[in-house]
């Protein structure tokens, strides 16, 4: 099954890191966040990726073109151009990189890469969020319910203090960065290929197409109560890197 990753955004809310690189190339530790996402899928046996590129797409292409050089020790004979890797850390991944345009919306990007989606079902996620999702259970859930689209529902963490009051309005609880009980779309979709027919022109995947599919009762939510975190702001960047550097990265299950 193909795995499509949306990597075209500019990351306007984290300009400290995205002035010189696309958002999926922001590093957690010494690897870009898109690598962490791909490692999760590959851990469950899904290693055929399609990356939808846009903003500064040449940086992502260059990273994968030079992947073995960047991550391995090697000896090169400059006269004969011979190359020997001492500790080849290449991944057994097939990565298709498609420039889907800098301003294209997510639905439009999906439509552009549709010719590369050769399986009846595929997976889709955003290039800026990590989680400890069990991908096998996610796929099994999708296959069991028979609907066109499954998305992963996650519990967001409030960026503000959550206040609890009693019937008289007295403050009885105060929680900073509390995990909320409601679910939101956390990405990690499993999609039947015929759902691409709902995309009409350049549109946001989560708006017109998903609204139409949901109206036909063809959307299901896989509930994920574990770890999930996007890298949307510099605060998120610090948070994820602190977890990684302190060996507390819950998404590192490989």
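The values are calculated or read from the model by the stated rules, or taken from the named source; none is laboratory data. Being a predicted model, the structure only gives us computed values, none of them experimental. Using ideal geometry, Cβ is built from the backbone for each residue, glycine included, and neighbour counts are taken over all protein chains shown.
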Residue check, residue 101 against (1) in contact (Cβ under 8 Å) with a residue 60 or more places away in the chain; (2) buried (at least 20 other Cβ atoms within 10 Å of the Cβ); (3) over 22 Å from residue 242 (Cα atoms), all met but one. Which one?
-> (2)
Do you know which residues across the range 104-122 are surrounded by 10 or more Cβ atoms within 10 Å (Cβ to Cβ) and outside any loop (DSSP other than H, G, I, E, B)?
-> 106, 107, 108, 109, 110, 111, 112, 113, 114, 116, 121, 122
Matching residues in the range 216-227 - criterion: being out of contact with any helix residue (DSSP H, G or I) (no Cβ under 7 Å at 6 or more places or on another chain) and either within 26 Å of residue 198 (Cβ to Cβ) or without any contact (Cβ under 8 Å) to a residue 60 or more places away in the chain (or both) = 216, 217, 218, 221, 223, 224
Pick out the one residue from 84, 63 that is touching a residue at least 12 places away in the same chain (Cβ under 8 Å) and either out of contact with any helix residue (DSSP H, G or I) (no Cβ under 9 Å at 6 or more places or on another chain) or surrounded by 15 or more Cβ atoms within 10 Å (Cβ to Cβ) (or both).
-> 63
Selection count, the range 1-20, where residues are at pLDDT below 80 and surrounded by 22 or more Cβ atoms within 10 Å (Cβ to Cβ) | 1
Residue check for residue 177: at pLDDT 95 or above, touching a strand residue (DSSP E or B) at 6+ places or on another chain (Cβ under 7 Å) and exposed (fewer than 13 other Cβ atoms within 10 Å of the Cβ) | no
Test: residue 41 is under 29 Å from residue 200 (Cβ atoms) and at pLDDT 85 or above = yes
Quick one: is residue 138 in a helix (DSSP H, G or I), surrounded by 11 or more Cβ atoms within 10 Å (Cβ to Cβ) and either at pLDDT 90 or above or over 17 Å from the mean Cα position of the chain (by Cα) (or both)?
-> yes
